[in-house]
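No lab work stands behind these numbers, since they all come straight from the coordinates. Only a predicted model underlies this, so the values are computations on that prediction, with no experimental measurement involved. Note that we place each Cβ from the backbone using ideal geometry, even for glycine, and neighbour counts take in every protein chain shown.
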Amino acid sequence: MRRDRRPPGRGVHSHQGLYLATAASGALVDQCGKLWAVARFGDGSTLATGPVGFEVSRNPGAAFGMGRGLTPWITALTLAAVVVLLVTGRRVRSRGRAFALGLVTAGAAGNGIDRLARSPGAGRGAVVDWVHVAPYPPVFNLADVALRVGVLLVLALLVRRQRPAPAAPPADSASAGP
């Protein structure tokens with residue numbers, strides 16, 4: 001019987017656990033933030049607290065309000081992306097990738113939940129945006145942050161992986177032996 005020689009906490013299952021914990025907790029924090037913002041501020045009201053403010057708005061489209069008439073299609077693509085990410089997340093082999101993909105999944109799932117559960121109805125719901133950072137014009141939510149940070153981490157991990165390994169030092173001829 002072959003034994004796994006990896007130290008405890010370094011196996012594939014711990015990476016899957018990190019992925020799922022990141023995805024689930026990220027989506028939960030996003031939904032709690034949206035519930036708080038809607039209950040506290042309602043639609044259209046704002047609270048400016050310096051460079052960061054709160055302004056609840058509903059976005060039936062994609063990023064920056066694009067695709068407003070395509071909500072059912074955006075919902076379908078979002079759900080398909082979540083399924084693909086969940087399947088991919090089962091195969092992660094590093095903590096960095098597990099965390100990065102978990103953030104991407106959290107972002108997609110957080111906004112996907114809005115599209116399924118919020119008015120005007122399943123598959124046509126608008127995403128709740130509620131954070132505004134001046135002078136950046138769009139209002140966004142925590143799912144958007146998770147998604148963007150996760151994508152940036154995935155790209156950074158890919159770039160890091162593509163770098164050539166440093167050249168090995170030349171062998172010492174004196175220790176090479178006969």
With 0.36 nm assigned to each residue of separation and the Cα-Cα distance removed, Ser14 to Leu155 gains 48.5 nm
Computed from the beta carbon distance with a Förster radius of 30 Å, FRET efficiency for Val52 and Leu116 to the nearest 0.05 stands at 0.55
Note, Leu153: beta-carbon cut-off 12 Å, +1 each Lys/Arg, -1 each Asp/Glu, net +4
Distance in nm between Gln162 and Arg124 label points, each 7 Å along Cα→Cβ, equals 4.3 nm
For the pair Arg93 and Val29, the simple spin-label estimate (label points 7 Å beyond Cα toward Cβ) gives in nm 2.9 nm
